[in-house]
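Here's the structure we're looking at; comments come further down.
The values are calculated or read from the model by the stated rules, or taken from the named source; none is laboratory data. Nothing here was measured: the structure is a model prediction, and the numbers come from that model. Positions of Cβ are generated from backbone atoms using ideal geometry, with glycine treated the same way; all protein chains shown enter the neighbour counts.
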Amino acid sequence: MPNLNLGKELAALGLNSGLDELTAATDALDRAFDETVATAVSPDRLVKVTVTGRGDVREMEFDPGIYRTEDPRALAATILATLGQAHAAAAARMQTAYDAFQEHLDD
């Protein structure tokens, strides 16, 4: 199997700096996914959901008043709607990071 030193080969072709920039942009996008968090609160303030830039639920809090809710379907709908709002907020924040990454691909 031949010993390929990709870094030297790319440098010889003048592509090394482009690879370094793309690697840095990819690392920045990956960090943005890890560092982004978004929180949403339901209109009745009974449900609070926090998600990450990767879409993982980091935290879910319920106001003690939630136990007076008599309609489980309405409660489920509130939880899902609040989760959706948190995901949308995280996605909007991630769009900025993705746009910066996309600029490196377009160059």
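Out of the residues in the range 19-57 that are among the polar types (S, T, N, Q), outside any helix (DSSP H, G or I) and in contact (Cβ under 8 Å) with a residue 40 or more places away in the chain, which is surrounded by the fewest Cβ atoms within 10 Å (Cβ to Cβ)?
Ranking the qualifying residues of the range 19-57, first place goes to THR39.
Limited to the range 56-82, what total is found for residues that are at pLDDT 95 or above and touching a helix residue (DSSP H, G or I) at 6+ places or on another chain (Cβ under 8 Å)?
2
Restricting attention to the range 25-55, and to residues there that are among the basic types (Lys, Arg) and closer than 18 Å to ALA77 by Cα, which single residue is modelled with the lowest pLDDT?
ARG45
Could you check the range 82-107 and list, in sequence order, the residues that are loosely packed, with under 15 Cβ neighbours inside 10 Å and within 13 Å of VAL41 (Cα to Cα)?
GLY84, ALA88
Kindly establish whether GLU21 is modelled with pLDDT under 95 and acidic (Asp, Glu).
For GLU21, the condition - modelled with pLDDT under 95 and acidic (Asp, Glu) - is met.
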